[in-house]
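This report concerns only the one structure given below.
The values are calculated or read from the model by the stated rules, or taken from the named source; none is laboratory data. What you are looking at is a predicted structure, and each value in this text was computed from that prediction instead of being measured. Cβ placement follows ideal geometry from the backbone for every residue including glycine, while neighbour counts extend to all protein chains displayed. For accessibility, only protein heavy atoms count, side chains too; no ligands or nucleic acids. Shrake-Rupley method; radii C 1.70, N 1.55, O 1.52, S 1.80 Å.
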Amino acid sequence: MILGISGSPRPNRITDYAVKEILGNYNGETKFISLSGKQISGCISCLGCIEDNKCVVKDDFPEIAEAMVKADAIVLGVPNYYDLPNALSHSLLERCFCFRHKSAFLLKNKPLVIISTGYSKDEENSQVLKTVEYFAKSNKMNVISKFLVGAYSQCYTCGAGMTCVDGNIVKNHGFVEKVTTEMLPPEFYDQPESIKKCKNAGKILEDYLNKG
């Protein structure tokens, strides 16, 4: 089973679509979890997980943790906030430290696909991809694909973007009276290159699991 996790707080948006696109291109059992609306705190260093590698904090993480351990592979979609993983995704990664105690490494050798969504186009220097890859290596996972998918700047929907000199609308288009369709960043299904990356990641996952 491939587990897809979208770390976006916004349901049914680009991060969700990208993760689901990969799952949809895998010919086998899949499960999708959105972190939207989930309560996941950062690790509180209570040490309650030392004996059995299970987090004892009572929020939504333990159920997700169980699914992560059971999965044959994981697809993780992480929004880019300030060129770092957003808080929900980062909290999820922090809490995964429970898997490592006494050299258990419950995610060891598990293949991982990492997607970062945002309006950055610098895939090689993406701090989000690097941060999540560091997490993966710390847990002895196998990163088999990592890439960027274009997503919205909040400036296009906040309502003040047409007059905000520090926002992306003014930066990209100057002062305008209204935001036209041509100015809007593309939705996921209007991004052929992103769709191609997702389809390719699904194929890579299938080939990897079939060989294993």
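Solvent-accessible area of T157, all protein chains in place: 90 Å² (probe radius 1.4 Å, heavy atoms, ligands and nucleic acids excluded). Toward the positive end of the charge dipole of the chain, about the Cα centre and with charges on Cβ (Lys, Arg +1; Asp, Glu -1), which of Q191, S116, C55 goes farthest? Checked the options; the winner is C55.
Only helices enter the 222 nm calculation for the chain: every DSSP H run of n ≥ 4 contributes -39,500 (n - 2.57), and dividing by all residues gives -10000 deg cm²/dmol, rounded to 500.
Taking K and R as +1 and D and E as -1, what net charge do the other residues with C-beta under 12 Å from the C-beta of E124 add up to? Numbers along the way, then the final one.
Numbers: positive: K121, K130, K146; negative: D122, E123.
The answer is +1.
Against the empirical 2.2 N^0.38 Å scaling, what ratio does the C-alpha Rg of the chain come to? Before the final figure, lay out each step's value.
Working: Rg = 18.2 Å, N = 212, 2.2 N^0.38 = 16.8 Å.
After normalising by residue count via 2.2 N^0.38 Å, the value is 1.08.
Determine the dipole magnitude for the chain: charges of +1 sit on the beta-carbon of Lys and Arg, -1 on that of Asp and Glu, nothing else is charged, the reference point is the Cα centre, and the result goes in debye to the nearest 20. Spell out each step's value before the answer.
Numbers: 25 positive and 24 negative charges, 114 e Å.
Dipole magnitude for the chain comes out near 540 debye.
Region 22-62: D in µm²/s via Stokes-Einstein (Kirkwood Rh, Cα pairs, 37 °C, 0.692 mPa s)? This corresponds to a translational diffusion coefficient of 255 µm²/s.
Over region 1-70, the pair-distance histogram of Cα-Cα distances with 5 Å bins from zero comes to 3, 15, 22, 20, 17, 11, 7, 3, 0 percent, rounded to whole numbers.
So if a site counts as exposed when it's one of the GluC sites (Glu not before Pro), its DSSP state isn't H, G, I, E or B, and it has at most 14 other Cβ atoms within 10 Å, what's the longest stretch of the chain without one? Please list the in-between numbers first.
Working: sites that count: E29, E51, E123, E124, E177, E182, E187.
Here the longest run is 52-122.
Using only C-alpha atoms and all pairs of different ones, pull out the Kirkwood radius for region 149-207 in Å with one decimal. 13.2 Å is the Kirkwood radius here. Summed over the residues of region 129-207 and divided among them, the accessible surface reaches 58 Å² per residue at a probe radius of 1.4 Å. Taking the 0 to 90 degree range and rounding to the nearest ten, how far is the long axis of helix 192-211 tilted relative to the main principal axis of the chain, both from C-alpha atoms? Approximately 10 degrees, to the nearest 10. Here the accessible area of the chain is 51 percent carbon and sulfur, with a 1.4 angstrom probe and all protein chains present.
Relative to the compact-globule scaling 2.2 N^0.38 Å, provide the ratio for the alpha-carbon radius of gyration of region 26-111.
The value comes to 1.11.
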